[in-house]
Amino acid sequence: MDTSVLFFTFLALLLADCSELPFQERMLLKALGLNGRPRPVAPGPVPKTLWKMFEKGINIDDPCRMEGFQVPGNIVRSYKDQGPLISSELPHGSLCFSKYLFFDLSVVEKKEQVTLGQLEIKFKHNTYQGQVFQLRLYRTLHMSLRGMRDNSMNRKLLFARSFRLLHKSLYFNLTKVAQDWANQGNNMGLVLEILADGGTTVSNNWSSTCQQIDFFIHTSFLTVSLDPTSCKTPRTKRSTEISPPTPSNICKKRRLYIDFKDVGWQNWVIAPRGYMANYCHGECPYPLTEMLKGTNHAVLQTLVHSIEPENTPLPCCAPTKLSPISMLYYDNNDNVVLRHYEDMVVDECGCK
């Protein structure tokens, strides 16, 4: 069933206080890519990048492209790191910091095409520090039975770069890794190491060198993916023409504002708090005028109705043009998701 049909059916049942509401809600959540109503337990902050993209809105000419990243997509997810420190002991040699990183990408559906994977390593301050550090990022290919808290892992070096604590965040493009994790499911995570550059031994001078890495806060992972089943051909922009006045009982667009608090979704929908969904209502009388945007079938149906009104009903008033919206929300795993949904706003109505 179409997402817009499910959504408006759900609203109608809600307003009618119908006992079928839980089933309809489950169907709608499934259409939105969720396996149940999210109930955030320990949700993280919303990344500024996602806020900016949400506030910018959808490119109505190409709703299946994420303009902020310049890649195809209609879903952006931000994942929290679930990996522990590999060792809690003091560093040895030139090694200051070693951490296992794990991001659960199992929420990415098989039908989605991952177009971007990006790792962010965030620091507390962007003040200059004289010490140069070396960062090494590995992909874990195999893990020992002893688990994640040792170095006995078969791993592949992905990035090695020098840096100072001058940057607030470091970014790494891991699109191929994200595609492998999503498609093959062999997600063994990553290993992040930070060393004092130049071969400096820090075992006896840890406080003056490695403690600068206390500025390290956390890592996060972001994916952009394209759900092709939710994409349609590019559309023209909404018309700004003012429609001529029509009788109140004629098929036309009616205003309907949806407040997510009214449907009990305020705890997991971050933004918007609500939106103008609208709906279609009214009669499709004979003869159908051009203003009613009747299909050829609807014109013939009204003609037959005028002859045999007992056997043939009039056409239905239904949406003829819909547009998408963006939703920013927490999913079932407390990940932050920005997603474009097609056919959520009724722009025009007609007889079908």
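The values are calculated or read from the model by the stated rules, or taken from the named source; none is laboratory data. Everything numeric in this text was worked out from a predicted model, so none of it was measured. Heads up, the Cβs are rebuilt from the backbone with ideal geometry, glycines too, and the neighbour counts pull from every protein chain shown. These accessible areas exclude ligands, DNA and RNA; they are computed on the full protein's heavy atoms, side chains included. Shrake-Rupley method; radii C 1.70, N 1.55, O 1.52, S 1.80 Å.
Residue under question is residue 110, and the condition is that it be modelled with pLDDT of 85 or more, farther than 22 Å from residue 345 by Cβ, open to solvent by 20 Å² or more (accessible area, probe 1.4 Å) and outside any loop (DSSP other than H, G, I, E, B); does it hold?
Working: modelled with pLDDT of 85 or more: yes; farther than 22 Å from residue 345 by Cβ: yes; open to solvent by 20 Å² or more (accessible area, probe 1.4 Å): yes; outside any loop (DSSP other than H, G, I, E, B): no.
No, not satisfied.
Exactly one condition in (1) assigned to a strand (DSSP E or B); (2) of a type in the set (A, V, I, L, M); (3) open to solvent by less than 10 Å² (accessible area, probe 1.4 Å); (4) modelled with pLDDT under 90 is false for residue 224; which is it?
Unmet for residue 224, out of (1) assigned to a strand (DSSP E or B); (2) of a type in the set (A, V, I, L, M); (3) open to solvent by less than 10 Å² (accessible area, probe 1.4 Å); (4) modelled with pLDDT under 90: (4).
What is the residue count in region 273-295 for residues that are among the hydrophobic types (A, V, I, L, M, F, W, C) and free of Cβ contacts under 8 Å to residues at least 60 places away in the same chain? Walk me through it before giving the result.
Here is the first cut: in region 273-295, the ones among the hydrophobic types (A, V, I, L, M, F, W, C) are 276-277, 280, 284, 288, 291-292.
From the residues that got through so far, the ones that are free of Cβ contacts under 8 Å to residues at least 60 places away in the same chain too are 291-292.
Result for region 273-295: 2.
Restricting to region 154-178, give me the number of residues that are within 20 Å of residue 140 (Cβ to Cβ) and aromatic (Phe, Trp, Tyr). Let's see the steps before the verdict.
Pass one, region 154-178, residues within 20 Å of residue 140 (Cβ to Cβ): 154-161, 170, 172-178.
The next check asks that each one be aromatic (Phe, Trp, Tyr); those that pass are 159, 172.
Looking only at that region, the number is 2.
Under 7 Å between Cβ atoms, which residue pairs at least 6 apart in sequence (or on different chains) link something in region 304-326 that is closer than 27 Å to residue 61 by Cα with a partner that is open to solvent by 60 Å² or more (accessible area, probe 1.4 Å) and outside any helix (DSSP H, G or I)?
317/281; 318/352; 320/293; 323/238
So which of 297, 218 is at pLDDT 70 or above, touching a strand residue (DSSP E or B) at 6+ places or on another chain (Cβ under 7 Å) and not hydrophobic (A, V, I, L, M, F, W, C)? Outline the logic, then answer.
Values: 297 fails: touching a strand residue (DSSP E or B) at 6+ places or on another chain (Cβ under 7 Å).
Testing whether each residue is at pLDDT 70 or above, touching a strand residue (DSSP E or B) at 6+ places or on another chain (Cβ under 7 Å) and not hydrophobic (A, V, I, L, M, F, W, C) leaves just 218.
Can you tell me which residue is nearest to residue 80 (Cα to Cα) among those in region 24-48 that are in a helix (DSSP H, G or I) and open to solvent by 60 Å² or more (accessible area, probe 1.4 Å)?
Filtering region 24-48 down to residues in a helix (DSSP H, G or I) leaves 24-31, 48.
Cutting the leftovers down to open to solvent by 60 Å² or more (accessible area, probe 1.4 Å) gives us 26-27, 30, 48.
Details: 26: 26, 27: 28, 30: 23, 48: 15 Å.
Looking at residues that are in a helix (DSSP H, G or I) and open to solvent by 60 Å² or more (accessible area, probe 1.4 Å), I get 48.
Are any residues in region 287-310 small (Gly, Ala, Ser) and under 15 Å from residue 349 (Cα atoms), and if so, which ones?
Going through region 287-310, the residues small (Gly, Ala, Ser) turn out to be 294, 298, 306.
Listed by number, the residues that qualify are 294, 298.
In region 271-288, which residues are open to solvent by 70 Å² or more (accessible area, probe 1.4 Å) and more than 24 Å from the chain's Cα centre (by Cα)?
First, pick out the residues of region 271-288 that are open to solvent by 70 Å² or more (accessible area, probe 1.4 Å): 273, 279, 281, 283, 286-287.
279, 281, 283, 286, 287 - these are the residues of region 271-288 that are open to solvent by 70 Å² or more (accessible area, probe 1.4 Å) and more than 24 Å from the chain's Cα centre (by Cα).
What's the number of the condition residue 263 fails, among (1) open to solvent by 30 Å² or more (accessible area, probe 1.4 Å); (2) among the hydrophobic types (A, V, I, L, M, F, W, C); (3) assigned to a loop (DSSP other than H, G, I, E, B)?
(1)
Can you find a residue that is open to solvent by 20 Å² or more (accessible area, probe 1.4 Å), in contact with an Asp or Glu (Cβ under 7 Å, 6 or more places away or on another chain), modelled with pLDDT of 90 or more and not aromatic (Phe, Trp, Tyr) anywhere in region 154-166? If you could, list the steps in order and put the result at the bottom.
Taking region 154-166 first, the residues open to solvent by 20 Å² or more (accessible area, probe 1.4 Å) are 154-162, 164, 166.
Add one more test, that the residue is in contact with an Asp or Glu (Cβ under 7 Å, 6 or more places away or on another chain), and what stays is 162.
The next check asks that each one be modelled with pLDDT of 90 or more; those that pass are none.
No, every residue in region 154-166 fails to be open to solvent by 20 Å² or more (accessible area, probe 1.4 Å), in contact with an Asp or Glu (Cβ under 7 Å, 6 or more places away or on another chain), modelled with pLDDT of 90 or more and not aromatic (Phe, Trp, Tyr).
Does region 318-330 contain any residue that is in a loop (DSSP other than H, G, I, E, B) and surrounded by 15 or more Cβ atoms within 10 Å (Cβ to Cβ)? Lay out the reasoning, then the answer.
Our first condition is that a residue be in a loop (DSSP other than H, G, I, E, B); within region 318-330, this holds for none.
Checked region 318-330: no residue is in a loop (DSSP other than H, G, I, E, B) and surrounded by 15 or more Cβ atoms within 10 Å (Cβ to Cβ).
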